[in-house]
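Report on the following structure.
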Amino acid sequence: MFYFDEINGKKILKSDLLKAEHFFTTRDCCIQSKDAEYESIVTSNKKLICKYLGVEKLISPCQTHTSHIETAQKDKGFYPDTDGLIIKDKGLAVFLNFADCTPVIIYDNNKNIGAVSHAGWRGTAGKISAKTVQKMVNDFSCNPEDMTAVIGPAISICCYNVGDEVYEQLKATVKDFNGLYKIKDEQIFVDLKSINARQLEECGVKDIDICPYCTCCNNDIFFSYRKENATSNRHSAILKL
């Protein structure tokens, strides 16, 4: 179940399902923006979050809507064309950024290895959630049955209409697409959060918490690319071992 918490009075969102330190930022504590007016706010919020987590810095990749996943390293600062980061070292903290796309945090409770993935429609069509699980299995001998997944705030089926081509690509990623879309006013609406959950389930991940908040409907709490005319402001998914 998701619940709100605070860092120095600034609202964050957590799930009680995940044992590792994690949270989703809100409009209160933005740490990613290209807006000059947000520059000092972003710097201040990053310092606040680093202090809260007890880390010197936060690691973040260059997201480009791929399904490419890397493993975060303490001395590596640049991860080009990367939309998923795995962390295996205690003390490291990673964050990825979102404004309607789907945040997916995965954690292996036995190995103490986790990951954050960015699943927009392209990442979802590329099965980035499933690929993240498979990379954790291949590289670190993780077991999907030991994993917990938290799917954070994203645009929901109520607001996310897509064309036929996108619909067909998303439909092809799971065995059963029932319940993952609806037709309204001759338009197709898809549920990216539940599609990613279905992909995880088909990989063997059983414990999954899906955030009920829609970034478009709850635009007072989260940023929305669609609602805010391509805003450069982002909320973030943060994970620390």
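The values are calculated or read from the model by the stated rules, or taken from the named source; none is laboratory data. Since this is a predicted model, take the numbers as computed values, not measurements. Cβ sites come from the backbone with ideal geometry, for glycine too, and all protein chains shown count toward neighbours.
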Q) Limited to region 22-72, what total is found for residues that are among the polar types (S, T, N, Q) and either modelled with pLDDT under 95 or under 30 Å from D139 (Cβ atoms) (or both)? A) 8
**Q.** Criterion: among the basic types (K, R) and either in contact with a helix residue (DSSP H, G or I) (Cβ under 7 Å, 6 or more places away or on another chain) or within 29 Å of A125 (Cβ to Cβ) (or both) - qualifying residue of K47, K19, K76
**A.** K76
Q. What are the residues in region 161-171 that are without any contact (Cβ under 8 Å) to a residue 40 or more places away in the chain and either within 19 Å of C217 (Cβ to Cβ) or outside any helix (DSSP H, G or I) (or both), if any?
A. N161, G163
Q.
Just checking, does region 61-70 include any residue being among the charged types (D, E, K, R), more than 20 Å from I128 (Cβ to Cβ) and in contact with a Lys or Arg (Cβ under 9 Å, 6 or more places away or on another chain)?
A. no
Q | region 169-195: number of residues that are surrounded by fewer than 12 Cβ atoms within 10 Å (Cβ to Cβ) and of a type in the set (D, E, K, R) | A | 5
Q) Of all residues in region 73-100 being touching a Phe, Trp or Tyr at 6+ places or on another chain (Cβ under 8 Å) and not in a strand (DSSP E or B), which is farthest from T25 (Cα to Cα)? A) K88
**Q.** Residue that is farthest from F95 (Cα to Cα), among those in region 140-160 that are part of a helix (DSSP H, G or I) and in contact (Cβ under 8 Å) with a residue 60 or more places away in the chain
**A.** E145
Q: Inspect all residues belonging to region 115-122 and state whether any of them is closer than 19 Å to L53 by Cβ, surrounded by 24 or more Cβ atoms within 10 Å (Cβ to Cβ) and at pLDDT 95 or above.
A: yes
Q. Which of the residues that make up region 107-133 are over 13 Å from the mean Cα position of the chain (by Cα), farther than 15 Å from T173 by Cα and not aliphatic (A, V, I, L, M)?
A. D108, N109, N110, K111, N112
Q: Looking for whichever is of a type in the set (A, V, I, L, M, F, W, C) and within 24 Å of K88 (Cα to Cα) here; the options are L239, L180, L192, L170. Which one fits?
A: L239
Q: Report, by residue number, each residue of region 15-43 that is farther than 25 Å from A230 by Cβ, out of contact with any Asp or Glu (no Cβ under 9 Å at 6 or more places or on another chain) and either among the charged types (D, E, K, R) or outside any loop (DSSP other than H, G, I, E, B) (or both).
A: K19, E21, H22
(Q) Among the residues of region 62-79, are any touching a residue at least 60 places away in the same chain (Cβ under 8 Å), surrounded by fewer than 15 Cβ atoms within 10 Å (Cβ to Cβ) and out of contact with any Gly (no Cβ under 8 Å at 6 or more places or on another chain)? (A) no
**Q.** Scan of region 126-155 for residues that are β-branched (V, I, T) and either over 16 Å from I195 (Cα atoms) or surrounded by fewer than 23 Cβ atoms within 10 Å (Cβ to Cβ) (or both), ordered by number
**A.** V137, T148
Q.
When you scan region 86-100, do you find a residue that is crowded, with 24+ Cβ neighbours inside 10 Å, in contact (Cβ under 8 Å) with a residue 24 or more places away in the chain, on the phi > 0 side of the Ramachandran plot and within 14 Å of the chain's Cα centre (by Cα), even just one?
A. yes
Q: Could you grab me the full set of residues in region 104-114 that are surrounded by fewer than 21 Cβ atoms within 10 Å (Cβ to Cβ) and either under 15 Å from I69 (Cβ atoms) or in contact with a strand residue (DSSP E or B) (Cβ under 8 Å, 6 or more places away or on another chain) (or both)?
A: N109
